[in-house]
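For reference, the structure is listed below as structure tokens.
Throughout, read-outs are computed from the coordinates displayed, never taken from laboratory work. What you are looking at is a predicted structure, and each value in this text was computed from that prediction instead of being measured. Note: ideal-geometry Cβ built from the backbone for every residue, glycine included; neighbour counts use all protein chains shown.
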Amino acid sequence: MHFSIPSRSADQTTLPGSPSFKAKSRASSHHAVYPLYIFTQLRSVIRDALTSAQNVTAPEKKRQSARRTLSMWAIAVFAAVTVFLTIMYVLFANIATSDSAGPRVVLVLGLDNGKYKEDYLAKIIENRREYADAHKYGLYVRNMSDFKGSVHDAAKLGWYKLPLMRSAMQDNPGSTYFWYLDQNAIIMNPNLNIESHITDVKRLNSLVLRDVPVVPPDSTIRTYRHVPADRMKFIISQDHEGFQTGSFILKNGEYAWYVLDAWFDKLYQEYKFQKAEKSSLEHLAQWHPTVLSKMAIIPQRIFNAYPNGVGDSLYQDGDFVASLAGCDTPERSCVREFERLWDNRGRVVN
Amino acid sequence: MKDKDDYLYSPASRTSRVLSRLRRLPTRLRQLMLRRRILSLILFVVLCCTIVANSGVRLLPRMPWASSKFVIILAVNQGGGVMEWKGPTEWAVERTSIANKRAYADRHGYDLAIQDMSIKKRYAHEWRESWEKVDVIRQTMKQYPKAEWFWWLDLHTYIMEPSISLEKQVFNRLENNTYRNLEDYNPLKLPVEIPFVDNTHPINLIVPQDCGGFNLGSFLIRRSEWTDFLLDIWWDPVFYEQRHMQWEHKEQDALEHMYSNQAWLRSGTAFIPQRLINAFPEGACSEWRGDKRIFYNQDERDFVVNMAGCEWGRDCFGEMEHFRKISASLQKKSWWWPFK
């Protein structure tokens, strides 16, 4: 057995002896010196690498300077690309995000131009416009007859407000709150701001009626007690009979589209509820907790007071909105009641 | 001296020459491997892969604490033997179906929720009768809070190609695999356009259409707020009272009604070509025989077969066995499979 680095010739060693002896000796010699062989090779490679720095020959120098120039160019190109991309991002990112803005609140008004005269409707539009302009809100005005094709129960006017709201939301995708106010209502105190008066979380939390029956006076299903106000997306009030759908606020989003579409379903319209869309909403709120859990019921006087109401619903001076709901019956006259209120309305104080 | 050893090892005889070569073989093999190290390593890796692949054993172990993004909901015990007797063929069909889904779920690391659909009513028109699918989905979503997609499978289904994962079959190219409107394929003649539909809405429900409308035998539903709304509004007493006489397929018809009328639902629903997750056997949709969109195609190796309606007039057990045998023969691998 020898301990030097075995070379190729070792394999062809012509040692005499039986085959088993030859095989054994070759195998064991490999086993013994192979790790040693690797170690010595590695050591020589490392030593060469270390000494190369000192023994720089002329071609080595040229190669090194070429490498240096190349690396400088690479760094320069990389820096230029980075600067260019940063400039592009700064310039164009702003343009992309400013696209989805819009007024934060949109007033939605549907006009029944079949039954009422032009000057009456013009006054109502003026009332809304004065309010919207004062607070920089949007105003969305359509004729109710535009939606005649999609309503199945065309006799009841109450159904038309639902596709109207849906249309308003589709046309104003950047806005957050949509306030539907009936045509026969008048904003008496335009100095009140929707956010601070109703929708701000703290204010809404103080207004929400918890644990009240959904259908007064004593329905089994009552409003939730512990749902926080920041989750509420549907703000509405009740009068002594049930939901008062002449004035409600919806927050734009998945929930609003779901409620409006489900509320407007063909089968609800064909069921011929007693009070059309009011009863339909009461049904939805009692049978489907996904609807009720995000509904906030607030006192009626906040945005839907009755001038001829009783108790809590009676309009008083300084209230936000006076509603003429139910004025299109033979005993009453919408135009006359409107004129009386129109003269007494508050104006915007700058 | 001519004793046995000398005779065997002396170089003269042919036996001894063969024997000596044989005795040198392991040593020569070892030397060859050492000399051609890289090649032998490659061959060893290939050999291991072949063995592992052919045996169906998972290469990487699944971590026991990881819960899957996908849950398969398998509806078993339909009826629970209340209205009809469950004989040995019904039990056999159930066993085969469950074993098939369990093997599939284990192979791909999905969770399997086996839900009991026995009838719990005593009178007709009892509360939410036949809308149990909706309640079961809601219950399963509560049981698997981390999962995102839930794949509902009826009992009479068979996964024919267990090597294909859901990601590969449906989700990797979701936009290409699904279609969002009824322009091309509208077997029920539902309204093609309704106002206020948003086509950029994320997909929350993937439903196949068969020859008679939506088919809820094999569909996918995603956990989201939209799904909470759907599962809540799916059963409504006013809808039920007016339509339960006409709605033979119960929640399927209710969904078709809502799809025709409510834009928010249309925005979140996508359709998938039937043969991707819900191919039919020849017996179902028999008036549409030959339609390439509906029936199971063995040459194209369709993924799942749904033997819909086999309990009315057809032989569920026979069909299940038929498809089980086809699947087994298709899965048999030849030795050159890893190199294909």
Self-check item: Inter-chain Cβ neighbour average for residues A:249-259, partner chain, 10 Å
Solution: 4
Exercise. Output ³J(HN,Hα) for segment B:245-252: one whole-Hz value per residue in order, computed from phi by the Karplus curve 6.51 cos²θ - 1.76 cosθ + 1.60 with θ = phi - 60°, and x for Gly and Pro.
Key: 5, 8, 7, 5, 9, 6, 5, 5
Practice problem: For segment B:200-205, just list the computed ³J(HN,Hα) in residue order, Karplus coefficients 6.51, -1.76 and 1.60, θ = phi - 60°, integers in Hz, with x standing in for Gly and Pro. | Solution: 9, 5, x, 7, 10, 9
Quiz item: Quick one: length gained pulling A:Trp287 to A:Thr86 fully straight, 0.36 nm per residue minus the C-alpha distance?
Solution: 66.9 nm
Practice problem: Could you tell me which of the pairs A:Lys266/B:Lys142; A:Lys161/A:Lys202; A:Lys233/B:Lys133; A:Lys156/A:Lys233; A:Lys202/A:Lys233 are separated by over 22 angstrom between their Cα atoms in the structure shown? | Solution: A:Lys266/B:Lys142; A:Lys161/A:Lys202; A:Lys233/B:Lys133; A:Lys156/A:Lys233
Exercise. Please list, in chain and number order, the residues 5+ apart from A:Gln244 or on another chain whose amide H is under 5 Å from its amide H, with Hs placed from the backbone.
Key: A:Ser237, A:Gln238, A:Asp239
Quiz prompt | Placed amide H near B:Met307: partners under 5 Å, 5+ positions off or other chain | solution = B:Thr157, B:Tyr158
Exercise. May I ask for the equivalent-ellipsoid semi-axes of the protein assembly as shown, computed as the square root of five times each C-alpha gyration tensor eigenvalue and listed largest first in whole Å?
Key: 75, 40, 21
Exercise. Under 4.7 Å Cβ to Cβ, no partner at all: give me those cysteines from chain B, in residue order.
Key: B:Cys48, B:Cys49
Quiz item: Which value, in debye to the nearest 20, gives the size of the charge dipole of chain B about its Cα centre, when Lys and Arg are +1 and Asp and Glu are -1 at the Cβ?
Solution: 3500 debye
Quiz item: Any idea what diffusion coefficient chain B gets from Stokes-Einstein, in µm²/s, Kirkwood Rh on alpha carbon pairs, 10 °C, 1.306 mPa s?
Solution: 67 µm²/s
Quiz item: Over all residues in A:165-178, what is the mean tally of Cβ atoms on other chains that come within 10 Å of each residue's Cβ?
Solution: 1
Exercise. Taking the Cα centre of the protein assembly as shown as origin, sum charge times position over the Cβ atoms of Lys and Arg (+1) and Asp and Glu (-1), and report the length of that vector in debye to the nearest 20.
Key: 6320 debye
Practice problem: Select from B:Leu188, B:His108, B:Thr27 the residue farthest towards the positive end of the dipole of chain B; place +1 on Cβ of Lys and Arg, -1 on Cβ of Asp and Glu, and compute about the Cα centre. | Solution: B:Thr27
Exercise. Amide H neighbours of A:Tyr140 under 5 Å, at least 5 residues apart or on other chains, H built in the peptide plane: list them.
Key: A:Leu107, A:Val108, A:Leu109
Self-check item: For the protein assembly as shown, with +1 on Lys and Arg beta carbons and -1 on Asp and Glu, the positive-most of A:Leu209, A:Ala185, B:Ser68 along the dipole
Solution: B:Ser68
Exercise. Only loop residues by DSSP count here, and only those with at most 16 other Cβ atoms within 10 Å; note down the trypsin sites (Lys or Arg not before Pro) in segment A:227-333 that meet that.
Key: A:Lys272, A:Lys275, A:Arg332
Quiz item: Between B:Asn172 and B:Trp288, what is the FRET efficiency for a Förster distance of 30 Å, r being their Cβ-Cβ separation, to the nearest 0.05?
Solution: 0.50
Quiz item: Which of the aspartates and glutamates could a cross-linker bridge to A:Lys136, judged by Cα under 13 Å and excluding same-chain residues fewer than eight apart?
Solution: A:Glu195
Quiz item: What are the GluC sites (Glu not before Pro) within segment A:249-338 that DSSP puts in a loop, where the Cβ has at most 14 other Cβ atoms within 10 Å?
Solution: A:Glu331
Quiz item: Taking the Cα centre of the protein assembly as shown as the origin and placing charges on Cβ (Lys, Arg +1; Asp, Glu -1), which of B:Ile206, A:Val227, A:Tyr160 is farthest toward the positive end of the dipole?
Solution: B:Ile206
Self-check item: Set of aspartates and glutamates near B:Lys325 by C-alpha distance (under 19 Å), chain-local residues within fewer than 8 positions excluded
Solution: B:Glu90, B:Glu94, B:Glu161, B:Glu282, B:Asp299, B:Glu300, B:Asp302, B:Asp315
Quiz item: Taking a threshold of 28 Å on the Cα-Cα distance, which of the pairs B:Lys86/B:Lys189; A:Lys148/A:Lys272; A:Lys115/A:Lys275; B:Lys101/B:Lys189; B:Lys101/B:Lys168; A:Lys115/A:Lys272 fall above it?
Solution: B:Lys86/B:Lys189; B:Lys101/B:Lys189
